[in-house]
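Just so you know, all these numbers are worked out from the coordinates, no wet-lab data involved. On a predicted model such as this, the values are computed, not experimentally measured, just so you know. FYI the Cβ positions are ideal-geometry reconstructions off the backbone, even for glycines, and counts take in every protein chain you see.
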Ligand code: FAD
């Protein structure tokens, strides 16, 4: 079923989460062990991230460095198919502009369509570690809005080869990313919201936000989006803080702020067990307020560890 259908049918705020494919060499059961404890809360959909290739350097016995391109977390599409079969849940693969030509994208979408996957989250992806700015493939998309347009075209039966006869339309529900604290490359939040609006005008059906720790940022963002004429559902994404390292890692990696009260509470913790508990309590307070405010769903970033999300879900759903 499409995410928009789940949202339309829901009588209350839905629970959903995102998982990462395991590192290469691990097994699908490792993913099930993350998901199993969360199934009690009846997620109608589970997102599976996509990780593009990375450039790594290996030192040779000669002392020279060998450059290698590796994919550390392959398997997004396979995991989605496995989740469909194993849990009967809608799995949402993330698909990127980065690393894909338009032809690659079309072929990936055909695979997803044949597998019966009805939902995709369309993203640009970040720049590679060896690039300063994002660089699309020679015949790839520069912005997520272009990717959304391609998916929408396929939904209307328009493939890249205009001479294809009787081409069958796909029927993807398209999600896109939104940033309550602004995407780090955008010159201003208003400009970023205009670009978000372009994704919706290109065919996006709903938005999932980047993580935030201060609900007011989400509420203000939703208000600004509505004033800008964006009328699709905006699903808040949250991540419970779990270690002291998150104090610098999460702001650095995701370009988000943490409220002073949360920062102080984490600094005062003596162990990561205490930090995990603070993260759970903060997550419960955030989720309760978002639910009371009528958020369509609350989407949890699991990063492979379900116990804190389970504790929050137990208290809220
Ligand atoms: P876009 O919407 O293309 O925006 C990128 C930047 O370009 C923004 O600053 C925007 O304002 C600007 N922009 C957009 N259109 C225009 C235009 N026409 N002219 C000028 N500027 C423009 N990354 C992964 O690699 N794998 C994942 O699985 C993944 N999952 C994610 C899930 C969520 C919910 C979120 C919020 C992010 C995820 N990301 C993932 C990270 C995401 O790929 C990065 O944040 C990336 O830098 C931007 O992606 P986007 O789709 O928001 O890009």
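In terms of overall dimensions, the chain has a Cα radius of gyration and Dmax of 19.8, 66 angstrom.
Springs between Cα atoms under 10 Å define the GNM used for the chain, and in it the highest mean-square fluctuation of 14, 96, 160 occurs at 160.
Within the listed set 25, 157, 99, the residue fluctuating most in the Gaussian network model of the chain (springs between alpha-carbon atoms under 10 angstrom) is 25.
Only bridges with both residues in the chain count here: give the DSSP antiparallel percent, nearest 5.
Details: 6 of 34 bridges.
Around 20 percent antiparallel, to the nearest 5.
How much length would be gained if the chain were fully extended between residue 68 and residue 247, taking 0.36 nm per residue of separation minus their Cα-Cα distance, in nm to one decimal? Let's see the in-between values first.
Numbers: separation 179, 0.36 × 179 = 64.44 nm, distance 3.14 nm.
My answer for the length gained is 61.3 nm.
Show that you can apply the helix-only estimate: for the chain, add -39,500 (n - 2.57) for every DSSP H stretch of four or more residues, divide by all residues, and state [θ] at 222 nm to the nearest 500.
Working: 11 runs with 127 residues, N = 317.
For the chain, the value works out to -12500 deg cm²/dmol.
With contacts taken as Cα pairs under 8 Å and at least 6 residues apart, the chain reaches a relative contact order of 19 percent. When 24, 102 are sorted by how many other C-beta atoms sit within 10 angstrom of their C-beta, beginning with the fewest, the order is 24, 102. Here the mean projected area of the convex hull built on the C-alpha positions of the stretch 81-230 is 10.6 nm².
Across q = 0.09, 0.14, 0.22 Å⁻¹, the stretch 1-136 modelled as identical point scatterers on its alpha-carbon atoms has Debye log10 I(q)/I(0) values of -0.34, -0.74, -1.37, in the order of the q list. So which residue, out of 148, 120, 275, gets the largest mean-square fluctuation from a GNM of the chain using Cα contacts under 10 Å as springs? Maximum among the listed residues: 275.
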